[in-house]
Amino acid sequence: MLRKEGDPVALAREARGARIAGPPLAPRVITARRGVIDYAWVAGQPRPLGHLAAEAAHALGRLLAHVHARRTTASGGLPGWPSRARDLRAYARGRMRDALARTATRAERDLVNHVARRLLMTCPADGAFSFLHGDLVAGNILWPGPSPVLVDWEFWRMGDPAEDLAYAVAMNDMAAAAAVAVHAGYGSPAGLIARARAWEPMVLADAALWIRAHGEAGWARRLLARAEAAAA
């Protein structure tokens, strides 16, 4: 058993997300009470994802397809938004506003607006919202065997599946071959791949600004530099 203790609101949300996903996509929640979650033990460890072998990248893509299929809705968004987004284009605009709210300079605002304009051109004004993990860094992906398990579901939401795919690729600085294998495992149609690529500089910029607000200035600078390079 693994016990996790912390902020009651964040852990209550995490427990709900882990239960929606359920095994084998997530560890089994044994008990969840105020400020505490007890998980069934998962024997796997994280691994570097930048040059993930094709078979493992394919397995990660299959896992994300199963996660996104767990629940679909006609609207979505993040906790704290004043209203729910009614289409994927509105969702992208909401994520743009999230990032803009954390910018500190004109250059950062210009970057967010630039990548958002490119993203919005790829987003349909319809389409279902999918159940997203929302924080697909390598440390949240355990490998107990050939198929991974996702942990730390605090940032789950109903959103654009292309954003989750972009986060997995961009935040882990995946090589092109690994990214192609993730999309192949997912079964991504061409339109979803194009949209995920448009999401990549947005998720890098948004994550950088969030990370800076939480005290990781050096990491944030590196991510912003990568967002600028991806947007060029």
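Of all residues in the range 191-206, those satisfying the criterion of being among the aliphatic types (A, V, I, L, M) and without any contact (Cβ under 8 Å) to a residue 40 or more places away in the chain are L192, I193, A196, L204. Would a scan of the range 59-74 turn up a residue that is in contact with a helix residue (DSSP H, G or I) (Cβ under 8 Å, 6 or more places away or on another chain), modelled with pLDDT of 95 or more and in a loop (DSSP other than H, G, I, E, B)? Yes, the conditions are met somewhere in the range 59-74. Remark: E55 matches the filter, which requires a residue to be under 25 Å from A179 (Cα atoms) and acidic (D, E).
Checking every residue in the range 120-130 against the condition of being farther than 30 Å from P46 by Cα, more than 19 Å from the chain's Cα centre (by Cα), modelled with pLDDT under 95 and charged (D, E, K, R) gives at least one match.
Within the range 116-136, the presence of a residue that is assigned by TED's automatic domain parsing to the domain that holds A170, without any contact (Cβ under 8 Å) to a residue 24 or more places away in the chain, touching a helix residue (DSSP H, G or I) at 6+ places or on another chain (Cβ under 8 Å) and assigned to a helix (DSSP H, G or I) is excluded. Do you know which residues across the range 11-58 are in a helix (DSSP H, G or I), of a type in the set (A, V, I, L, M, F, W, C) and not assigned by TED's automatic domain parsing to the domain that holds V169? Those that are in a helix (DSSP H, G or I), of a type in the set (A, V, I, L, M, F, W, C) and not assigned by TED's automatic domain parsing to the domain that holds V169: L11, A12, A15, A18, I20, A21. Screening A227 with (1) under 23 Å from A85 (Cβ atoms); (2) within 15 Å of the chain's Cα centre (by Cα) gives one miss only, at (2).
Screening the range 145-232 for helices (runs of 4 or more DSSP H) wholly inside it with 3 or more residues that are charged (D, E, K, R) and surrounded by fewer than 21 Cβ atoms within 10 Å (Cβ to Cβ) returns the ranges 217-231. On the stretch given as the range 123-162, residues that are out of contact with any Phe, Trp or Tyr (no Cβ under 9 Å at 6 or more places or on another chain), closer than 24 Å to W210 by Cβ and among the acidic types (D, E) total 2.
Quick check on the range 163-186. Is at least one of its residues assigned by TED's automatic domain parsing to the domain that holds D98, under 16 Å from R71 (Cα atoms) and either among the small types (G, A, S) or without any contact (Cβ under 8 Å) to a residue 40 or more places away in the chain (or both)? Scanning the range 163-186, I find no residue that is assigned by TED's automatic domain parsing to the domain that holds D98, under 16 Å from R71 (Cα atoms) and either among the small types (G, A, S) or without any contact (Cβ under 8 Å) to a residue 40 or more places away in the chain (or both), so the answer is no.
The values are calculated or read from the model by the stated rules, or taken from the named source; none is laboratory data. These numbers were taken from a predicted model, which means no experiment stands behind them. Note that each Cβ is placed from the backbone with ideal geometry, even for glycine, and that neighbours are counted across all protein chains shown.
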